[in-house]
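Here, each number is a calculation from the coordinates, and none is a lab measurement. Just so we're clear, the structure is a prediction, and the values are computed from it rather than from any experiment. No Cβ is skipped: glycine too gets one built from the backbone with ideal geometry, and neighbour counts run over all protein chains shown.
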């Protein structure tokens, strides 16, 4: 039975897996926790409404991913499990099932304050997850799907992603990224990550995600076939990057949200191999609603994303954002409530300044709720809900003020 | 004497250099060719007009780049020339003066057609250039400047960049990037690159660039001090990645340009360590003017960029684009001339389709001229001129058509 009927997707359509029964390190399947599943029968209509687009895109993906002989030689995807990947500086750890990759933070992966951006970190999570599958020897002719999944027309879709950042790595810093997978319910999978300083061992960031399988033709969520379970389960371990807390419920924002950016249109450069908007772009759209002045003095320490629907290149997107009231003290909240609904972060930034809301950084909200919506034919449809948590920066990096 | 008075900048403010007189591989300074210099005294006014902004930004950069002890430990920039960098998979080649780095094309560096994007290639050029300086042991407390340059308050600014792409690497492909420097005139420097398939040795791309020095306080171009020449000249070699042809003159476009996107505003995520818009963003803005239908069936095979002025976070930018007439046959040209000036590539795409201009791909222009402008107080000011050359893709990758 499908756990979740909402159309959700994610560029990281990957897992790590092996059906190599001779692997001495393979582990038995562990206790499975049911996580990250939901039932949304009311979303069926919106599913069929967009099914045409989805199927078109699947056809394109299939075409994209048809490997020519030349491509096979050039990519050189392993057909058997490998323990070391010298090119990617990756290796198998955790008794044969986890993956570790060394990464140097590049000059263009940092922002104006010379620390890695959240976007770069999300991209590195994607990259290491895919390289884990790459090394497993089971990466098929697709974007992270196993051979068994391809035989069953299945792809991975992400339902939830959570990242906690304690400290951001800086330009030129060497980090190690560990990633591993585990069971999530009967039919899902978890993937976790740890990002660590190679020099000090300090854990910069932790991340966890939940995945389910979708039939790429019917666009319906699917059970995990036994054939695929046999590939995946030897790789499952029960280890959590983020200690489980009470699940955060992310409310659905509406037009009363304090900040909104409308009419966001994906560009060619926002599309990934699946011809869909890469989820990192979602995060960029979310963060653009937050006033510049706040971003000058604060850094993101946590983000939770709940995916509802994929975003196609033709979608027109609206990004809503609302500060959480329990993060503001009363006097400040009163002022905040006097602010009219704003459209665009530049204006927001000016008004925030005029009201002196940012005079004391202790009084500003430290949590925001987010929603990305796309215009459906009859109603707006949710792409992703988000919750961000922030902390004060140790050193303020001024964003150059507008002269216009 | 300063060769060029226009305000130009570039995030790759780097060179490779060494004053290690014991280096057995160091070479004598070679014959210097005068290249890429120009005299634009008429730009002095526009310089002083924006000097306030520029100086503010320099102060920010200085603050950014002030290293704490912790940063020094975490970055671990070499203080002596190293021959191998295991973390970056880089090594010194070319008899001790060139640099080679192995790079795997990552999942997020490719576009919908699974080949590396031009943006990714430009970022990799930036990255390998900086890593060359990193390994040289002379990288100072800045974005690629040498110790001697920092003592003289000098930074690098790029005046020209040219890239030729024969074939784009694909997702997961291992490439080797070679880079080296040479003299350009008395006071400038050239930096070249070659990107090669590690598996086959095939040269995917070639690039060359020209650099001059600017005093970061006065914002005026500067002679190369003897102290800096002593650092740099041992690294200069006379070798060209791109065979010199007759220099291409890029005409200045005006409001009659066929395609225009107006009101482009840099976002926080477009800014680099210098608090300025990264030049890769310039290229994205340029290419967004080109109709989707053309991009579906063609790939960029060459780009030349001439930098005139840096773009700050407060600038509002206009991207103009015009097809070169000598690349279109007459009947097609006539149709093309009937198209009114367009604002935005979506509209452009529709009109191109209606006129059937793309019915025969042999008839479409294969060269475009570009211009990015920013609104000055009295007149628009040029940021960068560009020329792109295109060839037909071997396999067409459809861009998902709009359903709106």
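In which sequence would A:132, A:147, B:87, A:276 go, from the one with the fewest C-beta neighbours within 10 Å to the one with the most?
By the 10 Å Cβ count, ascending, the order reads B:87, A:147, A:276, A:132.
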Inset, instruction - Quick one: with label points 7 Å out along Cα→Cβ, list the inter-copy distances for residue B:393 in nm, shortest first? - result: 3.9
Inset, instruction - Along Cα-to-Cβ, 7 Å out, sits the label point; list in nm, shortest first, how far the one on residue B:240 is from those in the other copies. - result: 6.4
Inset, instruction - Going by the rotation axis that takes chain A to chain B, pick out the residue of A with the closest C-beta and quote the gap in whole Å. - result: A:89, 4
Inset, instruction - Sort A:324, A:254, B:315 so the one with the fewest other Cβ atoms within 10 Å of its own Cβ comes first. - result: A:254, A:324, B:315
Legend entry - Overall Cα dimensions of segment A:78-241 - principal axes, largest extent first, Å: 46, 30, 27
Inset, instruction - Measure off 7 Å from each Cα along the Cα-to-Cβ vector at residue B:186 and residue B:392, then give the distance between these two points in nanometres to one decimal. - result: 5.2
Inset, instruction - Please give, to one decimal in nm, the separation of the simple spin-label points placed at residue A:203 and residue B:94, each 7 Å out from Cα toward the Cβ. - result: 4.5
Legend entry - Spacing of the two label points (7 Å from each Cα toward its C-beta) at residue B:72 and residue A:230, in nm: 6.0
Inset, instruction - Assuming R0 = 51 Å, can you tell me the calculated FRET efficiency for the pair residue B:325 and residue A:151, based on Cβ-Cβ distance, to the nearest 0.05? - result: 0.45
Legend entry - segment B:129-226 - percent relative contact order, Cα under 8 Å, separation 6 or more: 27
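Could you put B:307, A:123 in order, starting from the residue whose Cβ has the fewest other Cβ atoms within 10 Å?
A:123, B:307
Using only the C-alpha atoms of segment A:181-314, find the volume of their convex hull and express it per residue in Å³. Intermediate results must be reported in sequence, preceding the final value.
Values: hull volume 27.0 nm³, N = 134.
For segment A:181-314, the hull spanned by Cα atoms encloses 201 Å³ per residue.
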Inset, instruction - Shortest first and in nm with one decimal, please list how far the residue B:68 label point sits from its counterparts in the other copies (point 7 Å along Cα→Cβ). - result: 5.2
